[in-house]
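Asker: I have a structure here, written as structure tokens, and I will follow up with some questions on it.
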């Protein structure tokens, strides 16, 4: 699929999703669109309906027409954000389309570097679909040397712009382990087949965890947040299990069912003194010791 065609798909989706538009409205916007290479004064009728059908087939986004009032709209607009994979794909490609339009404004748009590893995504997706094992060279942070690994891939996960693959390594046939793609130096498919476990559910596998570490048991965690921090947490919850349990003297108490892993603790640290861990006691003591260490360090 040509990049230009994809850009027009998303231009149509974004344009019609912005409001109820007649064909005249769409034509008017198309006449000034960056992707209108032929400088057409209108979006040709046959081309419009062909793209409309292709958008529904590829992205499951239906553009419909209210014939009584002669306007177009997205029929399943709420569904666009309903499925995580579709939402992620639409967002990613829509951002790419927007950035493509703004090339002449590069000095006004600052990007964040993304670690390497994305070049293996299509290979892993094909391997999961075809049930083929992968062979790759891996260099863990915890080992001095890289090593070769045969993996039965189960799922992919992105966390803080790093991609990970979860699966069963041939060296540990009864375990599901997680590998960072930016630590892979080479990957290739094999002819070896594997049976995808019937009881594996990717969402359930990661549900009680924040991030990718799974070295702690899930437990109830309660934090107390200041008024300002509570507003932030309501907008961007720390974890999908987050719920407000009570308020006291302007502060809000949030409860989670999550494993207190390194990733979760690091996220709590980013809030500084705006949040305070209340439960479990073991985690309270951990942060108390951390605060004492920091105090001693800055007193020297």
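Asker: Within the range 156-177, take every residue that is in contact with a strand residue (DSSP E or B) (Cβ under 6 Å, 6 or more places away or on another chain) and surrounded by 19 or more Cβ atoms within 10 Å (Cβ to Cβ) and give me the one that is farthest from residue 134 (Cα to Cα).
Answerer: Looking at residues that are in contact with a strand residue (DSSP E or B) (Cβ under 6 Å, 6 or more places away or on another chain) and surrounded by 19 or more Cβ atoms within 10 Å (Cβ to Cβ), I get 164.
Asker: Right, here's the next one. When the residues of the range 1-24 are filtered to those that are touching a strand residue (DSSP E or B) at 6+ places or on another chain (Cβ under 8 Å) and part of a helix (DSSP H, G or I), which remaining residue is modelled with the highest pLDDT?
Answerer: Checking each candidate, the answer is 23.
Asker: Just wondering, is there one or more residues in the range 108-123 that are part of a helix (DSSP H, G or I) and either modelled with pLDDT of 90 or more or over 25 Å from residue 200 (Cα atoms) (or both)? Before the answer, list the steps.
Answerer: From the range 108-123, those part of a helix (DSSP H, G or I) are 108, 118-123; that's our starting set.
Now narrow it down to the ones that are either modelled with pLDDT of 90 or more or over 25 Å from residue 200 (Cα atoms) (or both): 108, 119.
Yes, that holds for at least one residue.
Asker: Considering only residues of the range 137-148 that are out of contact with any helix residue (DSSP H, G or I) (no Cβ under 7 Å at 6 or more places or on another chain) and closer than 13 Å to residue 181 by Cα, which is surrounded by the fewest Cβ atoms within 10 Å (Cβ to Cβ)?
Answerer: So in the range 137-148, the residues out of contact with any helix residue (DSSP H, G or I) (no Cβ under 7 Å at 6 or more places or on another chain) come out as 137, 141-148.
Then drop every residue that is not closer than 13 Å to residue 181 by Cα, which leaves 137, 141.
Working: 137: 14, 141: 6.
Only one residue tops the list, namely 141.
Asker: Let me ask something additional. So which strands (runs of 3 or more DSSP E) are wholly in the range 179-296 and hold at least 3 residues that are at pLDDT 90 or above, touching a helix residue (DSSP H, G or I) at 6+ places or on another chain (Cβ under 6 Å) and within 30 Å of residue 127 (Cβ to Cβ)? Outline the logic, then answer.
Answerer: Values: elements: 184-193, 219-225, 243-248, 251-258, 275-279.
Ranges flagged: none.
Asker: Let me ask something else about it. With the requirement that a residue be under 21 Å from residue 245 (Cα atoms) and surrounded by 10 or more Cβ atoms within 10 Å (Cβ to Cβ), what does the range 266-280 give you?
Answerer: Selection gives 267, 268, 271, 274, 275, 276, 277, 278, 279, 280.
Asker: For the condition in contact with a strand residue (DSSP E or B) (Cβ under 8 Å, 6 or more places away or on another chain) and under 24 Å from residue 262 (Cβ atoms), what is the one hit in 134, 181? Break it down into steps so the answer makes sense when it comes.
Answerer: Numbers: 134 fails: under 24 Å from residue 262 (Cβ atoms).
The conditions single out 181.
Asker: When you scan the range 133-152, do you find a residue that is modelled with pLDDT of 60 or more and in a helix (DSSP H, G or I), even just one? Walk me through it before giving the result.
Answerer: So in the range 133-152, the residues modelled with pLDDT of 60 or more come out as 133-152.
Within this subset, residues satisfying the condition of being in a helix (DSSP H, G or I) are none.
Looking for residues that are modelled with pLDDT of 60 or more and in a helix (DSSP H, G or I), one finds none in the range 133-152, hence no.
The values are calculated or read from the model by the stated rules, or taken from the named source; none is laboratory data. Since this is a predicted model, take the numbers as computed values, not measurements. Here Cβ is always computed from backbone atoms with ideal geometry, including for glycine, and neighbour counts include all displayed protein chains.
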